[in-house]
Amino acid sequence: MHMLSLQIKDVEVLSCEYGKNTIKFLRLKREGKKHFVKEVEVCTHLRLTSAHDYLDGNNAAVIPTDTIKNIVLVLAKKNGIQTIEQFAIDICKYFMTTFCQVAYVKTYIQEVPWQRLQENGIPHIHSFICVPEGIRFCEAEQCKNGPLVVFAGIKDLKLMKTTQSGFEGFHKSECTTLPERNDRILCGELFCKWSYGECKDFDFDCVWNKVRECVIEAFAGPPDCGVYSPSYQKTVNSIQMLILSRVTLAYPCVRNDLHVSPVSSQVLIPVEAPYGSCTCTLGRKKFLEAQGHVLKEK
């Protein structure tokens with residue numbers, strides 16, 4: 001039998017974690033005749049204080065992934081889901097306070113966009129419609145003896161403007177075939193993520209709705225005239241600047257990905273995936289400078 005020359009003592013575990021992905025469920029809350037729903041998908045990963053399970057095959061400290069799933073479901077039943085951000089916080093706190101062998105926990109949650117049906121402005125008591133107006137998601141993570149940090153965001157938000165978009169004055173080389181345009185269609189699928197920093201008492205619903213409003217306003221402009229976009233890079237920056245000016249919480253950065261399919265024609269052929277991509281992370285200088293001083297002190 002071939003013997004490996006490399007021994008366990010010759011290696012060091014740099015990072016190892018495991019967890020349960022795609023825990024999907026719907027939480028139904030009944031208040032008399034009126035019902036409330038939250039349909040979510042949860043992924044929870046753990047890092048243990050030792051790596052004996054990897055190195056020695058010793059599973060004594062391992063919390064089975066099936067147990068992770070059951071804990072998520074029990075917490076949903078016991079605490080409910082007021083917001084996905086608060087539910088992510090509940091999950092992290094449970095693992096950090098219940099299991100001494102857990103050194104790090106991270107939870108990702110995304111919510112199915114169910115909205116209550118309305119008829120003539122009257123909300124229905126128990127009927128809902130799934131509206132593809134962007135997927136709400138969040139992440140929460142915590143290390144042992146460290147702060148609980150919360151992120152939130154919007155993804156799969158599809159936006160389009162049929163004019164007031166162009167792309168001119170760009171660098172040209174012998175490989176350039178793209179013509180300059182001062183009027184084109186801009187169609188994008190947006191991903192926006194921001195950080196709340198250390199966990200505090202936030203109105204997560206209010207912040208998420210306000211950020212989404214800022215995204216739409218900065219992309220589209222005033223309803224009667226719109227706003228011109230000289231590039232989708234500038235549009236991403238306009239979105240970020242409006243968010244940071246309107247939402248006064250001191251979270252450090254807003255990240256935007258805008259995938260675009262710019263075309264210019266009367267008859268258009270949609271594609272499954274966008275052609276271009278733009279990503280930018282923007283942070284408040286005061287926060288970043290403060291973080292720099294903290295790091296220097298440490």
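The table that follows gives values for the structure above.
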quantity	calculated
Karplus-derived 3J(HN,Hα), 6.51/-1.76/1.60, for each residue of segment 154-159, Hz, glycine and proline x	10, 9, 6, 8, 8, 10
The chain, helix-only ellipticity at 222 nm - DSSP H runs n ≥ 4, -39,500 (n - 2.57), divided by all residues, nearest 500	-8500 deg cm²/dmol
Asn145-Cys280 pseudo-label distance in nm [points 7 Å out on the Cα-to-Cβ vector]	4.1
Angle between the chain longest axis and helix 204-220 axis [Cα atoms, degrees, rounded to 10]	30
Portion, in percent, of the accessible area of the chain that falls on carbon or sulfur, probe 1.4 Å	54
With Cα atoms, 0 to 90° folded angle of helix 65-79 axis to the chain main axis	70
Relative packing of peptides 142-152, 13-23, 81-91 - highest average C-beta neighbours within 10 Å first	81-91, 142-152, 13-23
Nitroxide proxy distance, nm - points 7 Å out along Cα→Cβ at Met160 and Asp205	3.2
Lys, Arg +1 and Asp, Glu -1 on Cβ, resulting dipole of the chain about Cα centre, debye, nearest 20	700
Principal-axis tilt of helix 84-98 within the chain, Cα atoms, nearest 10 degrees	20
Per residue accessible area of the chain, 1.4 Å probe, in Å²	61
Counted charge near Ala61, where neighbours are those whose Cβ lies closer than 12 Å (Asp, Glu -1; Lys, Arg +1)	-1
Spin-label pair Glu12/Asn182, simplified geometry with 7 Å Cα→Cβ offset, distance in nm	6.1
Selected from Ile135, Tyr228, Thr67, residue furthest toward positive end of dipole (the chain; charges at beta carbon)	Thr67
Cα centre as origin, Lys/Arg/Asp/Glu Cβ charges: segment 144-212 dipole, Debye	100
Other-chain or far-sequence residues with amide H under 5 Å of Arg27's (modelled H)	Lys38, Glu39, Val40
Over segment 91-197, relative contact order from alpha-carbon pairs under 8 Å, at least 6 apart, %	23
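The values are calculated or read from the model by the stated rules, or taken from the named source; none is laboratory data. Quick caveat, the model's predicted, so the values are computed rather than measured. Using ideal geometry, Cβ is built from the backbone for each residue, glycine included, and neighbour counts are taken over all protein chains shown. Ligands, DNA and RNA are excluded from the accessible area calculation, which covers all protein heavy atoms including side chains. Shrake-Rupley method; radii C 1.70, N 1.55, O 1.52, S 1.80 Å.
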